[in-house]
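Undergrad: Mind having a look at this structure? Questions to follow.
Each value in this text was obtained by applying a stated rule to the coordinates, not by laboratory testing. Computed from a predicted structure; not experimentally measured. Note that each Cβ is placed from the backbone with ideal geometry, even for glycine, and that neighbours are counted across all protein chains shown.
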Amino acid sequence: MKSILTITIIVVATIFFSCSKKQDNNVQPALGAISISGTHEADTIKGVLSAQIAVSGSVQPTKIEVYANDSLLTTVTKVPYNVQWNTFGVNNGNYKLKAIAYDNSGKQTQTTLNVVVHNVLVTLLIDPHINSIYSSVMYIVTDSAGTVLNSIKYNGTDKYIYVTTTHPDPKSRCSVFEVKNYSLVGQTYITAYMNIPKGSVWNLRGVTENLDPKISNAKINLANIPSFSRLTTSSDLYGFTYTNTADIRNVTNFLFSRTGKQYVQYIDNSGNGHYHFYDVDTVNKNNVIDLAANIFQSSITKTITANGATSISVYLNGKSDKSYDDYYLLDSYSVNGPGLSYYYPDGTYITNYTSLVSFTQNGWNYSNVYLDLPPETIAPFGTIATITSSSLSQFSFTTQGTLDYYSANFYSASNNAQLSIYSPSAYKSIQFPDILKLTNLSGAPLSNFKLTAFSMYKTPGFDESKLFYYTNEYPGIVMPSQSATIRF
């Protein structure tokens with residue numbers, strides 16, 4: 001009996017341990033830690049996010065689910081566990097990315113990551129002071145087909161506008177439209193910047209139509225004016241030239257638009273040129289400058305010629321050595337015919353020059369800009385353009401020769417609206433239908449806009465990033481260039 005009991009215990013124990021060992025063989029190792037690479041906590045996401053999911057340990061998951069704010073983005077089942085998220089398809093804002101890995105028994109491990117979606121089509125730099133005179137200002141961004149990606153009504157205070165989109169749009173370039181309503185005169189201004197790179201910074205401070213009046217910081221009265229054949233006064237590069245003594249009365253209310261101590265230039269051209277720079281008191285506002293009581297510096301005479309021109313003009317600006325950044329108008333002169341003479345200082349007060357030479361030929365007005373004194377012989381533009389359709393809805397042109405970019409101005413008399421286009425030369429398909437629906441011109445046919453001027457530009461070593469809507473300066477100031485304009 002005792003031996004039977006012993007055998008029974010051994011059998012039961014054998015079965016128990018055998019079963020226990022079999023159950024241990026069925027226990028799978030747990031999933032390891034899961035991680036997301038390709039982005040980090042609190043990162044800003046733009047465009048398409050490419051991320052990789054990794055799980056540590058000896059057991060790989062059978063699938064991984066990836067969520068954005070509890071919305072399933074994708075399920076991946078094969079190594080490598082790569083994930084792509086097109087954020088153009090979602091709203092901008094905060095998102096919690098969550099990755100959940102499952103093994104074949106349904107067990108799971110997960111991780112989360114907080115990110116910010118901020119798809120910026122373009123950053124606009126705005127001047128609130130300039131825009132303060134308008135009753136409404138709107139910025140609209142479209143794709144190349146004219147489809148609106150976003151529109152923002154300006155609040156009147158922001159200096160930066162980050163234009164984003166919630167629409168998937170794989171194209172690398174877009175167009176920006178600025179629409180301003182000036183209710184005081186019932187005028188609407190539309191400026192179109194066509195085919196610009198996404199993600200760029202667009203400087204609209206002082207580039208488009210600005211009706212802001214000048215601030216009178218000082219007044220000048222000229223006393224003891226000597227005889228002259230040409231006299232130029234200037235507080236900056238926009239001065240006044242007089243050839244008639246009777247017209248000099250206009251100088252008595254000479255206005256300054258900038259703060260700080262200023263200078264005015266004077267040239268007396270009666271066979272010889274003379275210059276002097278005067279201190280201007282912008283604190284007491286009123287200044288009397290006695291032209292006869294100063295010693296003038298001598299000037300140098302230069303001659304320029306544009307062969308075949310029916311008229312020619314020169315605008316010469318110089319930077320003073322008085323530690324100011326301003327350029328001043330030194331001389332401006334226009335004559336009928338292909339050539340003229342101009343005057344400039346002998347270098348006593350000037351550190352460098354910029355110049356603009358304009359001439360008219362065959363109905364076109366040509367302008368050559370130089371970052372120095374102009375050459376004696378002006379080079380021709382070398383490109384011919386023909387307007388094939390002058391209506392806004394079908395605007396097009398052909399060219400013989402090369403150009404870098406162009407601008408076109410339109411006007412609608414019935415709607416009292418002006419529209420300007422700035423575009424690279426390769427982009428000639430202008431699409432407007434959707435943006436007009438967002439403005440006060442919703443009932444204005446495109447046929448109402450008539451072409452008033454067309455301009456072509458060429459610059460040596462053309463660089464798109466140096467255009468004036470990047471730099472807040474016109475091409476004639478920041479770079480050498482040639483332009484050709486025809487008016488209708």
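Undergrad: Normalized C-alpha radius of gyration of segment 324-461, against 2.2 N^0.38 Å?
TA: My calculation over the Cα atoms of segment 324-461 gives 1.36.
Undergrad: Now, a different point. Please give the peptides 358-368, 52-62 ranked by average Cβ packing (other Cβ atoms within 10 Å per residue), highest first, as a rough proxy for protection.
TA: Per-residue mean Cβ counts within 10 Å order the peptides as 358-368, 52-62.
Undergrad: What residues have an amide H closer than 5 Å to that of L340, excluding those fewer than 5 places away on the same chain, when H is modeled at 1.01 Å from N in the peptide plane?
TA: I304
Undergrad: Quick query: amide H of L237 versus all other amide H atoms, modeled in the peptide plane; which residues come in under 5 Å with a sequence gap of 5 or more or a different chain?
TA: Y327, L329
Undergrad: In sequence order, what are the phi-derived ³J(HN,Hα) couplings for segment 446-460 according to the Karplus relation 6.51 cos²θ - 1.76 cosθ + 1.60 with θ = phi - 60°, rounded to whole Hz, with x for glycine and proline?
TA: 4, 5, 5, 7, 10, 5, 10, 7, 9, 10, 10, 10, 9, 9, x
Undergrad: Amide H neighbours of N150 under 5 Å, counting only residues 5+ apart in sequence or on other chains, H built in-plane at 1.01 Å?
TA: V141
Undergrad: Under the Karplus relation 6.51 cos²θ - 1.76 cosθ + 1.60, θ = phi - 60°, what is the ordered set of whole-Hz ³J(HN,Hα) values for segment 45-56, x standing for Gly and Pro?
TA: So the J values, rounded to whole Hz, are 9, 10, x, 9, 8, 9, 10, 10, 9, 10, 10, 7.
Undergrad: When only C-alpha pairs under 8 Å and at least 6 residues apart count, what is the relative contact order of segment 34-117, in percent?
TA: 37 percent
Undergrad: Principal axes first, then extents: for the Cα atoms of segment 34-117, list largest minus smallest coordinate on each axis, whole Å, largest first.
TA: For segment 34-117, the Cα extents along the three principal axes come out at 37, 20, 18 Å.
Undergrad: I need the P(r) histogram for segment 64-209: all alpha carbon pairs, bin width 5 Å from 0 out to the longest distance, whole percents.
TA: 2, 8, 16, 16, 13, 11, 9, 7, 6, 5, 3, 2, 1, 1, 0, 0
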